[in-house]
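Trainee: Next up is a structure, given as structure tokens.
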Amino acid sequence: MDTTSIWRATAPQTGYALLQSDVSTDVLIIGGGITGVTLALLLAQQGRSVVLLEADAIGSGSTGNSTGNLYETLSQGVHTIASRWDRGVARQVVAQRRAAVDFVESLAGRADCGFRRCNHYLYAISEEQRAGVTQEFTALLQAGCNVRLDTSVPEPLPKPVRDAVVLQGQAQFQPQAYVAHIAGLAVEAGADLYEHSRVIELDQKAKRAATATGAVKAQEVVMATHTPKGFHVVQAEMPVHREYGIARPLTGADPGPGVFWYRGNDRFSVRTMQWQGRSFLVGVGQEHKLGTHNAKASLMVLEGAIEKQFGAGEVSHRWSAQNYRSADGLPYIGRDFSGCFIATGFSTDGLVWGTVAAQIMAEQLMGRSPEFGELCKPGRFSPVKGGKAMLDEVGTMTMSLVKDYLTHRQGEQLSTLAPEDSAIIEADGESFAAYRAPDGELFAVSAVCTHLGCKVHWNSVETSWDCPCHGSRFRPDGTVIDGPAIAPLKRKQLNVA
Ligand SMILES: Cc1cc2nc3c(=O)[nH]c(=O)nc-3n(C[C@H](O)[C@H](O)[C@H](O)COP(=O)(O)OP(=O)(O)OC[C@H]3O[C@@H](n4cnc5c(N)ncnc54)[C@H](O)[C@@H]3O)c2cc1C
Ligand code: FES
């Protein structure tokens, strides 16, 4: 299945070169999503020498697979910050995020990034979800948001049970086009950007990173990789969730600009986007803990739910991406015990958090100490604020270490594995993750994640082996796609056709 998001399919190609030599720089940024590219721009504008290494293409990670909404609130609700921290912190969060949306607007300028101001709607479509929405309305008011209640939402969205919370002055854009645009600004300001330059070795102490074709020695290293590479304490506190997105031409009534979040048995985020004179409907939902569910089934449920609400229509784009949720609701931004800078724990709010992170880290790398940076420092550990999430996470990891889920088949014979089939196979006393490609080629790799040893699980939508513990993902041949793992899964030569 083609899993290119509508953003990646419609944005201009960037086409930066591969790193092909050994270079040195002030700041090495690993990762070319919104966090890394914004930081490269801010540092280059202040005269720092910057090298950015991106494993794939600029924006190809979570940024280019998001929903493209920009808002001062949070997907888990501002009330979670008010209750885990206090109302003062909730106000700071909202103010910081509002300023970041203004900053994005200033950079998007007149570029073709689809930036538009709009309202954000949050509402319940089932009686059970109503109390949560009411609670969030109060928290938003107390946090200083420009918010009101409305009994109706634009057609043909599902009707709210009682009121919808309408947060004014929010925004949306084409995230891939935006990040490509600011990458151009970063290069103009003097940053060196490299694509298809995956870091495969990282010496955090020596601040040296190597790709297959070159190396970078730096004074400072920033891991803008969505979750940091290698072992970091914060990984133990962050559950990893995968979520699905679809886009289809908009054929019926057009709800117009707006971030629409509605909650029933499931949570949905819906928006529209325009491209070359055509309108598309974008729907995102079906969030699950990574590696513990059937990806194809999740996508089908999402498609069915959108069809039920908006009528039949041909889905033109399908994709998925993952998010890392911090234990206490705030992201982890800044220098961690490894000596490198990290920026993670953004949940599904990281287009704004990533911008905030870049602003904070740029300040810190220029020797300043922004106040909000203190709240987000990675070294904090708040067992009370994050207690439950932490316990849930330890539970997931323990389960993954000791047992397999039913989302992939076991006890299968390699010889009976059909094209496009996968299975965990016991051979030579070891567990292997096997997949047969459509052309018949058989791939067998170790089923043990190279990060910290959990067992990987099959993702049928993206043809990958995913690790439920901290989000590493691998291609059928074992190469790393995503997550904290640096080393590939060990390839196994099997004497079976
Ligand atoms: C389905 C979904 C919808 C979302 N919608 C929204 C939304 O509407 N609004 C919002 O604010 N947030 C949203 N988010 C969250 C948001 O997309 C992310 O938090 C944000 O994009 C993170 O940006 P980033 O730059 O930190 O990471 P990424 O965009 O993932 O960038 C990290 C980059 O690092 C690169 N990389 C990784 N390993 C290496 C390596 N070894 N060497 C070199 N490069 C490497 C990757 O290729 C990648 O390009 C959504 C998330 C999901 C899952
Ligand atoms: S991602 Fe940490 S063990 Fe797999």
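Trainee: Only one residue in LEU290, LEU202 is crowded, with 24+ Cβ neighbours inside 10 Å and within 16 Å of ligand 2 (Cβ to nearest atom). Which one?
Mentor: Numbers: LEU202 fails: crowded, with 24+ Cβ neighbours inside 10 Å.
That would be LEU290, the only listed residue that is crowded, with 24+ Cβ neighbours inside 10 Å and within 16 Å of ligand 2 (Cβ to nearest atom).
Trainee: Quick check on my filter: what residues within segment 238-259 are buried (at least 22 other Cβ atoms within 10 Å of the Cβ), touching a Lys or Arg at 6+ places or on another chain (Cβ under 9 Å) and either part of a loop (DSSP other than H, G, I, E, B) or of a type outside the set (Phe, Trp, Tyr) (or both)?
Mentor: Going through segment 238-259, the residues buried (at least 22 other Cβ atoms within 10 Å of the Cβ) turn out to be 238-240, 242-247, 259.
Still in the running and touching a Lys or Arg at 6+ places or on another chain (Cβ under 9 Å): 238-240, 242, 244-247, 259.
Listed by number, the residues that qualify are MET238, PRO239, VAL240, ARG242, GLY245, ILE246, ALA247, VAL259.
Table: residues versus (1) farther than 15 Å from GLU54 by Cα; (2) not in a loop (DSSP other than H, G, I, E, B).
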residue	(1), (2)
ALA180	no, yes
GLY190	yes, no
LEU193	no, yes
VAL199	no, no
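Trainee: Here's a follow-up. Any residue in segment 330-353 that is aliphatic (A, V, I, L, M) and within 16 Å of ARG84 (Cβ to Cβ)? Don't jump to the end; show me each part of the working.
Mentor: So in segment 330-353, the residues aliphatic (A, V, I, L, M) come out as 330, 333, 342-343, 351-352.
Subsequent filtering for residues that are within 16 Å of ARG84 (Cβ to Cβ) retains 330.
Scanning segment 330-353 turns up at least one residue that is aliphatic (A, V, I, L, M) and within 16 Å of ARG84 (Cβ to Cβ).
Trainee: I need every pair where a residue in segment 189-200 that is at positive phi has its Cβ under 9 Å from the Cβ of a residue that is more than 9 Å from ligand 1 (Cβ to nearest atom) and of a type outside the set (S, T, N, Q), sequence separation at least 6 or different chains.
Mentor: If the second residue must be more than 9 Å from ligand 1 (Cβ to nearest atom) and of a type outside the set (S, T, N, Q), the pairs left are GLY190/ALA44; GLY190/GLY47; GLY190/ARG48; GLY190/VAL50; HIS196/TYR16; HIS196/ALA17; HIS196/LEU18; HIS196/LEU19.
Trainee: If the requirement is being under 15 Å from the mean Cα position of the chain (by Cα) and touching a residue at least 60 places away in the same chain (Cβ under 8 Å), which of these qualifies: SER338, SER326, SER316?
Mentor: Details: SER338 fails: under 15 Å from the mean Cα position of the chain (by Cα); SER316 fails: under 15 Å from the mean Cα position of the chain (by Cα).
Within the list SER338, SER326, SER316, the selection yields SER326.
A quick yes/no check of all residues on (1) touching a residue at least 60 places away in the same chain (Cβ under 8 Å); (2) out of contact with any His (no Cβ under 9 Å at 6 or more places or on another chain); (3) assigned by TED's automatic domain parsing to the domain that holds TYR244:
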| site | (1), (2), (3) |
| --- | --- |
| LEU39 | yes, yes, no |
| VAL51 | yes, yes, no |
| GLY61 | yes, no, no |
| LEU74 | yes, yes, no |
| HIS79 | yes, yes, no |
| ASP86 | no, yes, no |
| ARG97 | yes, yes, no |
| HIS120 | yes, yes, yes |
| GLN135 | no, no, yes |
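Trainee: Can you work out which of the residues in segment 480-497 that are of a type outside the set (A, V, I, L, M) and away from ligand 1 (no atom under 11 Å from the Cβ) is modelled with the lowest pLDDT? Steps first, answer last, please.
Mentor: Going through segment 480-497, the residues of a type outside the set (A, V, I, L, M) turn out to be 482-484, 488, 490-493, 495.
Filter again for away from ligand 1 (no atom under 11 Å from the Cβ), leaving 488, 490-493, 495.
Working: PRO488: 95, LYS490: 92, ARG491: 90, LYS492: 84, GLN493: 78, ASN495: 64.
Per the criteria, the residue is ASN495.
Trainee: Would you mind finding the one in ALA124, ALA108 that is within 23 Å of ARG8 (Cα to Cα) and crowded, with 17+ Cβ neighbours inside 10 Å?
Mentor: On the way: ALA124 fails: within 23 Å of ARG8 (Cα to Cα).
The match here is ALA108.
Trainee: When segment 447-463 is examined, which residues are found to be more than 9 Å from ligand 2 (Cβ to nearest atom) and over 19 Å from GLY61 (Cα atoms)?
Mentor: Here is the first cut: in segment 447-463, the residues more than 9 Å from ligand 2 (Cβ to nearest atom) are 447, 457-463.
Within segment 447-463, ALA447, HIS457, TRP458 qualify.
Trainee: Go through segment 332-406 and tell me which helices (runs of 4 or more DSSP H), entirely inside it, have 3 or more residues that are more than 30 Å from ALA423 (Cβ to Cβ), at pLDDT 95 or above and within 13 Å of ligand 1 (Cβ to nearest atom). Show your work before the answer.
Mentor: Values: elements: 350-365, 371-375, 383-402.
It comes to 350-365.
Trainee: In addition: So TRP7 passes all but one of these: (1) surrounded by fewer than 24 Cβ atoms within 10 Å (Cβ to Cβ); (2) under 18 Å from ALA180 (Cβ atoms); (3) under 17 Å from the mean Cα position of the chain (by Cα). Which condition number does it fail?
Mentor: Checking TRP7 against (1) surrounded by fewer than 24 Cβ atoms within 10 Å (Cβ to Cβ); (2) under 18 Å from ALA180 (Cβ atoms); (3) under 17 Å from the mean Cα position of the chain (by Cα), the one that fails is (1).
Trainee: Out of segment 447-474, which residues are assigned to a loop (DSSP other than H, G, I, E, B), under 18 Å from the mean Cα position of the chain (by Cα) and within 16 Å of ligand 1 (Cβ to nearest atom)?
Mentor: VAL461, GLU462, CYS467, PRO468, HIS470, GLY471, SER472
Trainee: Among all residue pairs at least 6 apart or on different chains, which show Cβ distances below 8 Å where the first residue, located in segment 364-380, is on the phi < 0 side of the Ramachandran plot and in contact (Cβ under 8 Å) with a residue 40 or more places away in the chain and the second is acidic (Asp, Glu) and not in a loop (DSSP other than H, G, I, E, B)?
Mentor: Short answer, once both residue conditions are applied: LEU365/GLU220; GLY373/GLU363.
Trainee: Can you tell me how many residues in segment 123-156 are in contact with a strand residue (DSSP E or B) (Cβ under 8 Å, 6 or more places away or on another chain) and part of a helix (DSSP H, G or I)?
Mentor: 8
Trainee: Here's a follow-up. Somewhere in segment 289-304, is a residue assigned to a loop (DSSP other than H, G, I, E, B), out of contact with any Lys or Arg (no Cβ under 9 Å at 6 or more places or on another chain), among the small types (Gly, Ala, Ser) and without any contact (Cβ under 8 Å) to a residue 40 or more places away in the chain? Steps first, please.
Mentor: Of all residues in segment 289-304, those assigned to a loop (DSSP other than H, G, I, E, B) come to 290-294.
Still in the running and out of contact with any Lys or Arg (no Cβ under 9 Å at 6 or more places or on another chain): 292, 294.
If we keep only those that are among the small types (Gly, Ala, Ser) too, we end up with none.
No, segment 289-304 has no match at all.
Trainee: Could you tell me which of the residues LEU39, LEU28, LEU19 is modelled with pLDDT of 95 or more, of a type in the set (A, V, I, L, M) and either in contact with a Ser or Thr (Cβ under 9 Å, 6 or more places away or on another chain) or within 30 Å of LYS296 (Cα to Cα) (or both)? Break it down stepwise before answering.
Mentor: Numbers: LEU39 fails: either in contact with a Ser or Thr (Cβ under 9 Å, 6 or more places away or on another chain) or within 30 Å of LYS296 (Cα to Cα) (or both); LEU28 fails: either in contact with a Ser or Thr (Cβ under 9 Å, 6 or more places away or on another chain) or within 30 Å of LYS296 (Cα to Cα) (or both).
Going through LEU39, LEU28, LEU19 in turn, the sole match is LEU19.
Trainee: Looking at ALA444, is it modelled with pLDDT of 90 or more, aliphatic (A, V, I, L, M) and either assigned by TED's automatic domain parsing to the domain that holds ARG473 or within 16 Å of ligand 1 (Cβ to nearest atom) (or both)? Please lay out each step first, then the result.
Mentor: Numbers: modelled with pLDDT of 90 or more: yes; aliphatic (A, V, I, L, M): yes; either assigned by TED's automatic domain parsing to the domain that holds ARG473 or within 16 Å of ligand 1 (Cβ to nearest atom) (or both): yes.
When the stated conditions are applied, ALA444 passes them.
Trainee: Let me ask something else. Residues in segment 85-106 that are hydrophobic (A, V, I, L, M, F, W, C) and closer than 13 Å to GLN359 by Cα: how many? Even if it seems obvious, please write down each step before you answer.
Mentor: First, the residues of segment 85-106 that are hydrophobic (A, V, I, L, M, F, W, C): 85, 89-90, 93-95, 99-101, 103-104.
Adding the requirement that they be closer than 13 Å to GLN359 by Cα leaves 99-101, 103-104.
Number of matching residues: 5.
Trainee: Moving on. For segment 464-485: of the residues being of a type in the set (Val, Ile, Thr) and surrounded by 17 or more Cβ atoms within 10 Å (Cβ to Cβ), which is nearest to ligand 2 (Cβ to nearest atom)?
Mentor: Step one: list which residues in segment 464-485 are of a type in the set (Val, Ile, Thr), which gives 479-481.
Adding the requirement that they be surrounded by 17 or more Cβ atoms within 10 Å (Cβ to Cβ) leaves 480-481.
Values: VAL480: 10, ILE481: 12 Å.
By that ranking, first place goes to VAL480.
The values are calculated or read from the model by the stated rules, or taken from the named source; none is laboratory data. The structure displayed is predicted, hence computed values, not measured ones. Heads up, the Cβs are rebuilt from the backbone with ideal geometry, glycines too, and the neighbour counts pull from every protein chain shown.
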